[in-house]
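Got a structure for you, questions after.
The values are calculated or read from the model by the stated rules, or taken from the named source; none is laboratory data. Note that this is a predicted model, so its numbers are computed, not measured. For neighbour counting, all protein chains shown are included, and Cβ atoms are generated from backbone atoms with ideal geometry for every residue, glycine included. Ligands, DNA and RNA are excluded from the accessible area calculation, which covers all protein heavy atoms including side chains. Shrake-Rupley method; radii C 1.70, N 1.55, O 1.52, S 1.80 Å.
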Amino acid sequence: MRSLAFDESGEAEPGHAQLAYDDLGADELVDVCRAVLAQVGEGDVLAISCFWHSLVAVDERDRPLTAVLTWRDLAGDPPPLDPGDYHRRTGCFLHPAYWPAKLMGLAAEGVEAARFLSFGDYLLLRLAGEARTSVSTASGTGLFDPNTLDWDGETLAALGLDPSRLAPVSDEPIAGVWPALGDGACSNVGAGCVTRGRAAVMIGTSAAARVVYAAPHAEPRPGLFLYRVDPNRYCEGGALSDGGNLHAWLQRTLRDLDTSGVAERPAAAHGLTFLPFLGGERSLGWDPHRHGAVAGLRFTTTPIDIAQAALEAVCYRLADVLDAVGGVESVVATGRALLANAAWLQLLADVLGRPVEVSGVREGSARGAAMIALERLGLPVPEAPVARIVEPRPARYTIHLRVREEQRETIRFQEVR
């Protein structure tokens, strides 16, 4: 987690960045944000980008009863709702990444909460004295209808949950602090991907491919989530639970293997089919019980073969998400794990068979939150910089098309089993 100050040109101000690592609690992050506010000018506002799907149960005095649950916490089973109808109403899936399964799990554990907040809601409570949830954050809970912009009554009824136990939905600031926005939506805005034809492909801890667009109404499509940036714009796409965390696993498991040269090895010549589901599956099948696998191992298989197959496999899944989105004309790469890995960027361009623009924004989500604040203040929003363009290698694209189909066949075989 990071806290930065941005000026009106969209640049992070030197000396105003404070780092807060993933193991910091709410109180420490509040202190980080306050430290930044103390350095910027009077009258400046605080905009927050916070990880989607987080959940914390609090008591009647708003004291946390649980740890902050995230998309990685897969305990709990969703309520007995029709999956198709639920997706059409909420844009989400009956998957434990979302709140319905988490709330069922907490109830089974005997947690008696006064109300339930996202981490962003709780942070706003600590900073400004009142909990509100933005349209964007609410849309990622699995309890919200992104078209009516209200809590979904059928889902709440299935959970026995009164809306008074949730933070009120509002995008209005409190004491100069805007309610937190979903990090994925902010990442697109920060990277300048705000039309249907311009997609952001992000690999951070997890991975995602998303488009943001303005529309009066949108229908959720198979395999894709449909969230909100704000009341005027949707955020549509797919997420993978394996991204930078998979790369970290490879380094731990294969003993700090150097993957910097994998893009120069022959495309998919390792003969392996890797299923990147170590964290379960989200897009496009949304099966939390699916597991990672490697097919085609031989005595001649080397650690670098496995690493190459894994990084290519993530690109294949992202390519499938982009195909499901459709209408994409340009792709911008973002996310710390991807921007720091030139080989992975080249693999992505080869798999997609199209140029990949490398975002020049180091902290896309933080910048996106700041740019949305500029919009709301009626100020011009500067264009997002592009650092460079990675060109695809056509001969490799043809090979990857074949191996992508082999991956899909292996997934179907796993489903049959």
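Could you tell me which of the residues LEU156, LEU166, LEU143, LEU94 is open to solvent by 30 Å² or more (accessible area, probe 1.4 Å) and either at pLDDT 95 or above or of a type in the set (Asp, Glu) (or both)?
LEU94
Residues that are modelled with pLDDT of 95 or more, closer than 25 Å to ARG221 by Cβ and within 21 Å of the chain's Cα centre (by Cα): does the stretch 297-314 have at least one?
Checking the stretch 297-314: at least one residue is modelled with pLDDT of 95 or more, closer than 25 Å to ARG221 by Cβ and within 21 Å of the chain's Cα centre (by Cα).
How many residues are part of a helix (DSSP H, G or I) and at pLDDT below 95 when one looks only at the stretch 126-140?
Within the stretch 126-140, residues that are part of a helix (DSSP H, G or I) and at pLDDT below 95 number 3.
Among (1) touching a Phe, Trp or Tyr at 6+ places or on another chain (Cβ under 9 Å); (2) open to solvent by less than 40 Å² (accessible area, probe 1.4 Å); (3) over 30 Å from SER330 (Cβ atoms); (4) of a type in the set (Val, Ile, Thr), which single condition is ILE304 missing?
Failing condition for ILE304: (1).
So, one more: Could you list, in sequence order, the residues of the stretch 176-226 that are β-branched (Val, Ile, Thr), over 23 Å from LEU55 (Cα atoms) and crowded, with 23+ Cβ neighbours inside 10 Å? Explain how you work it out, then say what you get.
If we filter the stretch 176-226 for residues that are β-branched (Val, Ile, Thr), which is where we start, we get 177, 189, 194-195, 201, 203, 205, 211-212.
So of that shortlist, the ones also over 23 Å from LEU55 (Cα atoms) come out as 189, 194-195, 201, 211-212.
Correct list: VAL189, VAL201, VAL211, VAL212.
From the list GLY368, GLY327, GLY364, pick out the single residue that is within 22 Å of THR195 (Cβ to Cβ) and either free of Cβ contacts under 8 Å to residues at least 24 places away in the same chain or surrounded by fewer than 23 Cβ atoms within 10 Å (Cβ to Cβ) (or both).
Answer to the check: GLY327.
Same structure again: Can you tell me which residues in the stretch 237-265 are more than 9 Å from ALA207 (Cα to Cα), under 26 Å from the mean Cα position of the chain (by Cα), part of a helix (DSSP H, G or I) and not β-branched (Val, Ile, Thr)?
Selection gives ASN245, LEU246, HIS247, ALA248, TRP249, LEU250, GLN251, ARG252, ALA263.
Another question about this same structure. Residues of the stretch 154-198 being in contact with a strand residue (DSSP E or B) (Cβ under 8 Å, 6 or more places away or on another chain) and charged (D, E, K, R), which ones?
ARG165, ASP171, ASP183, ARG196, ARG198
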